[in-house]
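Scroll down for the structure; my scribbles are underneath it.
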Amino acid sequence: MSIQTNLHQVLTTLPTDTRLVAISKTMTEETVMQAYNAGQRLFGENKVQEIIEKQPHLPKDIEWHFVGHLQRNKVKFIAPFVSMIHAVDSLRLLKEINKQAERNERIIHCLLQFHIADESTKFGLDMAEAEELLNELNKEQLPHIRLCGVMGMATFTEDHTQVRKEFKQLRTYFDYLKNTYFKDDDAFKEISMGMSGDYLIALEEGATIVRIGSTIFGERNY
Ligand SMILES: *Cc1c(COP(=O)(O)O)cnc(C)c1O
């Protein structure tokens, strides 16, 4: 099946206010252009080296999200163009994003990544860490970042009950933070969850952003 067909099939399953980040990691610029020509404008990558190699060769009206683990010393490379960083898990990283966004006279949207999976390898905060971060953040002025919500990755498993439970958990975290810290902040509204294998469950559990790669582009060859 073509990328265009895959893309449209995914889009038909999404509620109109849910956004699709097409995860183009390992895909060539030509492949990205097939999705672009089918109308997709929002793309995501998880490696700094790869996104900075691709971005200059692709149309300027693409909105780029960075969805992978981000090291502080690499923020400067993506700050000139990235619109959202999904996997923020420390105040130090947030401060560096603010600093680099300021240098570029931009505002970068950020999501707090939560650890929801039953796997120790996945990055992210627990609620105590998130609250500590937000309480510290209250004392700072970081005008060049905007916290827009939460992000999480479920356990890689066929067990849908488990995956649903983890997405529900992330939703609960979001609701709590919204009510406690962001009640009057309309920007804090995003729940980024769901990948090719589990996005239908994520949608049922309230995802506002899904991050889908292989269902659109086909299997990746590393
Ligand atoms: C690769 C990746 C995805 C998309 O994975 P698929 O299973 O190909 O849809 C989503 N989120 C993150 C953080 C990723 O690294």
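The values are calculated or read from the model by the stated rules, or taken from the named source; none is laboratory data. From a predicted model like this one, the values you see are computed outputs, not experimental measurements. With ideal geometry, Cβ positions are generated from the backbone for all residues, glycine too; neighbour counts draw on all protein chains shown. For accessibility, only protein heavy atoms count, side chains too; no ligands or nucleic acids. Shrake-Rupley method; radii C 1.70, N 1.55, O 1.52, S 1.80 Å.
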Q.
Can you tell me which lysines have their Cα less than 19 Å from the Cα of LYS189? Leave out same-chain residues fewer than eight positions away.
A. LYS168, LYS178
Q: Go ahead and run the numbers for FRET between GLU219 and ASP17, Cβ-Cβ distance against an R0 of 41 Å, rounding to 0.05.
A: 0.85
(Q) Once you keep just the Cα pairs under 8 angstrom separated by 6 or more residues, what percentage relative contact order results for the chain? (A) 20 percent
Q) For the chain, which whole percent of the accessible surface, found with a 1.4 angstrom probe, sits on carbon and sulfur atoms? A) 48 percent
Q: Mind putting a number on the dipole of region 157-222 about its Cα centre? Charges go on the C-beta only, +1 for Lys and Arg and -1 for Asp and Glu, and I need it in Debye to the nearest 20.
A: 60 debye
Q. So which helices of the chain fit the span-like rule, where a helix is a whole DSSP H run, its Cα atoms reach 24 Å or more along the axis, and its mean Kyte-Doolittle is at least 0.5?
A. none
**Q.** Label-point separation in nm, ASP61 to THR172, each point 7 Å along Cα→Cβ
**A.** 4.3 nm
Q. If we count GluC sites (Glu not before Pro) as exposed when they sit in a DSSP loop and have at most 16 other beta carbons within 10 Å, what is the longest stretch of the chain that avoids them all?
A. 1-104
Q.
At 7 Å along Cα-to-Cβ for each site, give me the label-to-label distance between SER83 and GLN71 in nm.
A. 2.8 nm
Q) Under a straight-distance cross-link criterion of Cα-Cα below 16 Å, which lysines are reachable from LYS47, leaving out those fewer than 8 residues away in the same chain? A) LYS25, LYS74, LYS76, LYS122
Q) What does the accessible area per residue of region 10-84 come to in Å², with a 1.4 Å probe and no ligands, DNA or RNA counted? A) 47 Å²
Q: Find the centroid of the Cα atoms in region 158-222 and in region 124-147, then give the distance between the two in whole Å.
A: 20 Å
Q: May I ask you to list the chymotrypsin sites (Phe, Trp or Tyr not before Pro) in region 53-108 that are in a DSSP loop and have at most 16 other Cβ atoms within 10 Å of their Cβ?
A: none
Q) With charges only on Cβ, +1 for K and R and -1 for D and E, what is the dipole size of the chain about its Cα centre, in debye, rounded to 20? A) 540 debye
Q.
Let me check against my output: what whole-number percent is the relative contact order of region 1-79, with C-alpha pairs under 8 Å and at least 6 apart?
A. 29 percent
(Q) Quick check: with the 1.4 Å probe, what order do HIS8, HIS160 take by accessible area, largest first? (A) HIS160, HIS8
Q: Using a 1.4 angstrom probe, figure out how much accessible area region 103-222 has per residue, in square angstrom, rounded to the nearest whole.
A: 54 Å²
